[in-house]
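A quick write-up on the structure given underneath.
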Amino acid sequence: FQFLLVIHCSYSLDFNVPKMDVAFAISATAFQSDSNFEKMQDTVKEFVDRFGVHGRVHYALVTFGDRPTIHLQFINKSKSLSTLKDLIERVPIPSKEAAVDKALSTAKMLFSPAAGGRVDAKKILVVMTDRESDSSSKEAMKSSQQLTVEGIRVIAVPLGDERNVNEAKTIVSIKEDVIKSNITDQPRDIANKIIDNLLDGEF
């Protein structure tokens, strides 16, 4: 008999992954909002698939339209990967407005110890949008700066047009943290780009 041993290499191996609190803020309000929102949900699911639920990476999730809605806090531990992915799958699409400044302010609260944020973990906020928001660039930049002061790194993933990309540039403190997504990119491709950005230099 011949046996084939397959070793699945995953970033969920704790000795290779820094402690990270990763929050996602997602909004789809463009013409193809339904399909865009589904792609965002699938991207988040691909991300959690890579790190699992019992390791060094903890998760939070917010959707935002005219106002943000918190669906998951770091303090809410999922019993299993399937439970977490089911939660992400059931998140409803937000309203047809998009206030990114309010989303950033709400996301900042997620990283507080009261909401389960860990003082010794890297703080990451991934913002995914499919069009330019209804916030002014001044409001968005001010909210983003408050995150930077708190040591929260913002990664922006614009799925829409160039205006959306330009706004994304105003909410990150490192220009490389704007991750452009091509229309042909699958959720796994987008998740991999985010992970590569996060772990650049960690190994």
Any hit, segment 101-114, residues being modelled with pLDDT of 90 or more, buried (at least 22 other Cβ atoms within 10 Å of the Cβ) and in a loop (DSSP other than H, G, I, E, B): yes
Any hit, segment 90-110, residues being hydrophobic (A, V, I, L, M, F, W, C) and farther than 25 Å from Asp42 by Cβ: yes
Matching entry among Asn192, Asn197 (being farther than 28 Å from Met109 by Cβ, at pLDDT 90 or above and either assigned to a strand (DSSP E or B) or of a type in the set (S, T, N, Q) (or both)): Asn192
All positions within segment 140-151 that are of a type outside the set (D, E, K, R) and either assigned to a helix (DSSP H, G or I) or open to solvent by less than 10 Å² (accessible area, probe 1.4 Å) (or both): Ala140, Met141, Ser143, Ser144, Gln145, Gln146, Leu147, Thr148, Val149
Number of positions in segment 71-86 that are buried (at least 18 other Cβ atoms within 10 Å of the Cβ) and among the hydrophobic types (A, V, I, L, M, F, W, C): 3
Failed item, numbered, when Asn166 is tested on (1) touching a residue at least 40 places away in the same chain (Cβ under 8 Å); (2) part of a helix (DSSP H, G or I): (1)
Filter result for the condition that a residue is open to solvent by 60 Å² or more (accessible area, probe 1.4 Å), among the hydroxyl-bearing types (Ser, Thr, Tyr) and touching a Ser or Thr at 6+ places or on another chain (Cβ under 8 Å), over Ser133, Ser137: Ser137
Residue in segment 1-60 that is modelled with the lowest pLDDT, counting only those that are touching a His at 6+ places or on another chain (Cβ under 9 Å) and open to solvent by 20 Å² or more (accessible area, probe 1.4 Å): Ser12
Cross-chain or 6+ apart pairs with Cβ under 7 Å, segment 37-63 first and farther than 17 Å from Thr184 by Cα and assigned to a helix (DSSP H, G or I), then open to solvent by 30 Å² or more (accessible area, probe 1.4 Å) and charged (D, E, K, R): Lys45/Lys85; Val48/Lys85
Residue check, Ile155 touching a residue at least 24 places away in the same chain (Cβ under 8 Å) and farther than 26 Å from Lys96 by Cβ: no
All positions within segment 173-189 that are in a loop (DSSP other than H, G, I, E, B), closer than 22 Å to Asp101 by Cβ and modelled with pLDDT of 90 or more: Ile179
Of the criteria (1) touching a residue at least 60 places away in the same chain (Cβ under 8 Å); (2) touching a Lys or Arg at 6+ places or on another chain (Cβ under 7 Å); (3) of a type in the set (Asp, Glu), which one Glu132 fails: (1)
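The values are calculated or read from the model by the stated rules, or taken from the named source; none is laboratory data. Computed from a predicted structure; not experimentally measured. Every residue, glycine among them, receives a Cβ derived from its backbone with ideal geometry; neighbour counts consider all protein chains shown. Please note that ligands, DNA and RNA were not included when accessible areas were found on the heavy atoms of the full protein model with its side chains. Shrake-Rupley method; radii C 1.70, N 1.55, O 1.52, S 1.80 Å.
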